[in-house]
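Participant: Sharing a structure, written as structure tokens. Questions coming.
The values are calculated or read from the model by the stated rules, or taken from the named source; none is laboratory data. Just so you know, these numbers come straight off a predicted model, no measurement behind them. Using ideal geometry, Cβ is built from the backbone for each residue, glycine included, and neighbour counts are taken over all protein chains shown.
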Amino acid sequence: MRLNRRSFMIGSAGVAAGLAFGASASRSAFAAEAQLRAMWWGSNDRNKRTVEVIKLFHEKNPDVAVVGETISGDGYWTKLATQMGSRDISDVFQLEPSTISDYSKRGACLQLDQFVPATLKVDAFGKDMLKLTSVGDKLWGVGLGLNSFALFVDTVAFEKAGIPVPGPDTTWKEYGDIAVEMTKAAGKRSYWGGPYGARYNYVFDAWLRQRGKSLYGAEGGLGFGVDDAKEWFSYWEDLRQRGGTVAADVQTLDQNTIESNCLALGKSAMGMAYSNQLVGYQLVVKDKLNITMLPRAEKGGPSGHYYRPALIWSIGATTEHGEDAAKFIDFFVNDVDAGKILGVERGVPMSPKVREAILPQLNPTEKQTVEYINLLKDQVGVYPSPAPVGSTEFDQKILRPTADELAFGRTTVDQAAQKLVERGKSIVKMN
């Protein structure tokens, strides 16, 4: 039976990592201690690593108990919305770059500047790194590692097909031809070259940046127009009709989790994701995976890539344990032993000390992610302005459903583009 929601209770009554269906039932378990609720999403591998760090944190801070809850897919955001509505937000919760601006402006996050540098010792990260989790010159979260977008490739499938794998300078036109060729060469039922990427907002963002535009404007709102959306949707529809993408019923299974991605499901030879997720993908894909940059508009042109905080810990605005929550986050990002447990699953560590400490122990897959971040050094552009209010809803309720309707043939490219922009403008707000 697959559970999409689990709670891990860590406290001094003997460290217990028990399965439950919610955090509320365990709140009285450690009444004598300060108790933190931590909430995140991720793969089984991430859950295991996180729980191990929580155990270690409690061993070194026995006066603080932690109830950790993991929720997969869009259920995470539903849970967070419920918590916000009841003003009972988890003490520590996970965000990503595209959501921190939205949720900080909606009052979900506690401003963290008050804990720097006494409790949150993040000065060594560098000012540019702190800007990645700041909105309006205020710190609303702490990045757990660096990553960027990436293309994952099943090297065994490509080798069997006799097709060269895509590389850092592959263009979108070349990628499309490779995907079609891979589908034909594989000759397997329900197996294709790559994903139907029209529904990936981060890939769309890179595509737009390669053309001098962006997903969102510097002052908020949308950073693209109907013609840009038409070009985007036309590319993916043409590729789908040529046989280069998975079928619509496969792609719509993707809930932005590793397990639901078409590459992990064994339905495609390529997948698009975030670089730190290579670790999780390699655990579920038996063939050796390669990581490279997303395709670009033209040879030698802008990559569209930028460094981003892979994931972010924020503190709930309603917490009664802000200092302990800050102590937990600091432990997560600065403790060397914690860093050795976490590796690079949440991105390449921000802390130079932790990064140096874990490098010798990294396995080949983990080293690939570090090498990829290094590869991007001269390829990344300026980090974009914080995503505006409404960006999360735009991704989940407009872009993905519109792309799905297009893939199923329920709308046309022109209609999809018009709908994307019109509905997007009504939801994505100016700053």
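Participant: Any residue in segment 316-338 that's without any contact (Cβ under 8 Å) to a residue 40 or more places away in the chain: show its pairings with residues that are of a type in the set (A, V, I, L, M, F, W, C) and part of a helix (DSSP H, G or I) at Cβ separation under 7 Å, as long as the two are six or more apart or on different chains.
Facilitator: Val336/Val354; Val336/Ala357
Participant: Count, please, the residues in segment 294-352 that happen to be in a loop (DSSP other than H, G, I, E, B) and closer than 29 Å to Val380 by Cβ.
Facilitator: 24
Participant: Which count do you get for residues in segment 407-423 that are of a type in the set (A, V, I, L, M, F, W, C) and either over 27 Å from the mean Cα position of the chain (by Cα) or not assigned by TED's automatic domain parsing to the domain that holds Gly244 (or both)?
Facilitator: Selection size over segment 407-423: 1.
Participant: Considering only residues of segment 350-382 that are touching a strand residue (DSSP E or B) at 6+ places or on another chain (Cβ under 7 Å) and under 19 Å from Leu294 (Cα atoms), which is surrounded by the most Cβ atoms within 10 Å (Cβ to Cβ)?
Facilitator: So the residue we want is Thr369.
Participant: In addition: Tally time: how many residues in segment 167-181 are part of a helix (DSSP H, G or I) and of a type in the set (Val, Ile, Thr)?
Facilitator: Residues meeting the conditions: 2.
Participant: For the list (1) more than 30 Å from Leu120 (Cα to Cα); (2) surrounded by 19 or more Cβ atoms within 10 Å (Cβ to Cβ), I need the number of the one condition that Gly143 fails.
Facilitator: All conditions are met except number (1).
Participant: Does segment 220-243 contain at least one residue that is modelled with pLDDT under 95 and over 23 Å from Ala407 (Cα atoms)?
Facilitator: So far as segment 220-243 goes, yes, one or more of its residues are modelled with pLDDT under 95 and over 23 Å from Ala407 (Cα atoms).
Participant: Which of the residues belonging to segment 219-247 are crowded, with 19+ Cβ neighbours inside 10 Å, among the hydrophobic types (A, V, I, L, M, F, W, C) and not in a loop (DSSP other than H, G, I, E, B)?
Facilitator: Leu222, Ala229, Trp232, Phe233, Trp236, Leu239
Participant: Collect the residues in segment 264-290 that are in a strand (DSSP E or B) and under 18 Å from Trp172 (Cβ atoms), keeping them in residue-number order.
Facilitator: Selection gives Ser268, Met270, Gly271, Met272, Ala273.
Participant: Looking only at segment 191-218, which residues are aliphatic (A, V, I, L, M), buried (at least 21 other Cβ atoms within 10 Å of the Cβ) and part of a loop (DSSP other than H, G, I, E, B)?
Facilitator: If the condition is that a residue be aliphatic (A, V, I, L, M), buried (at least 21 other Cβ atoms within 10 Å of the Cβ) and part of a loop (DSSP other than H, G, I, E, B), then Leu215 is the only one that fits.
Participant: Pairs, please: C-beta under 6 Å, at least 6 apart or cross-chain, first residue of a type in the set (Phe, Trp, Tyr) and in segment 287-300, second surrounded by fewer than 18 Cβ atoms within 10 Å (Cβ to Cβ) and in a loop (DSSP other than H, G, I, E, B)?
Facilitator: Taking only residues 6 or more apart or on different chains, not a single pair turns up.
Participant: Being in contact (Cβ under 8 Å) with a residue 40 or more places away in the chain and either surrounded by fewer than 16 Cβ atoms within 10 Å (Cβ to Cβ) or among the acidic types (Asp, Glu) (or both) is the filter here, so list the residues in segment 156-167 that pass it.
Facilitator: Val156, Gly167
Participant: So, one more: Among the numbered conditions (1) within 29 Å of Asp137 (Cβ to Cβ); (2) free of Cβ contacts under 8 Å to residues at least 40 places away in the same chain; (3) not charged (D, E, K, R), tell me where Gln361 comes up short.
Facilitator: (1)
Participant: Which of the residues belonging to segment 69-94 are in contact with a helix residue (DSSP H, G or I) (Cβ under 6 Å, 6 or more places away or on another chain), of a type in the set (A, V, I, L, M) and modelled with pLDDT of 95 or more?
Facilitator: Ile89, Val92
Participant: Please pick out the residue among Ala150, Ala81 that is over 20 Å from His321 (Cβ atoms) and in a strand (DSSP E or B).
Facilitator: Ala150
Participant: Moving on to the next point. Would you point out the residue of segment 309-337, among those that are among the charged types (D, E, K, R) and more than 14 Å from Val122 (Cβ to Cβ), that is surrounded by the most Cβ atoms within 10 Å (Cβ to Cβ)?
Facilitator: Selected residue: Asp324.
Participant: Still on this structure: May I ask you to verify whether Ala387 is over 20 Å from the mean Cα position of the chain (by Cα), within 20 Å of Tyr200 (Cβ to Cβ) and either touching a residue at least 60 places away in the same chain (Cβ under 8 Å) or not in a loop (DSSP other than H, G, I, E, B) (or both)?
Facilitator: Judged against the criteria, Ala387 is not a match.
Participant: Another question, then. Can you name every residue in segment 104-131 that is farther than 21 Å from Asp335 by Cα and either in a loop (DSSP other than H, G, I, E, B) or of a type in the set (S, T, N, Q) (or both)?
Facilitator: Of everything in segment 104-131, those that are farther than 21 Å from Asp335 by Cα and either in a loop (DSSP other than H, G, I, E, B) or of a type in the set (S, T, N, Q) (or both) turn out to be Ser104, Arg106, Gly107, Ala108, Leu110, Gln111.
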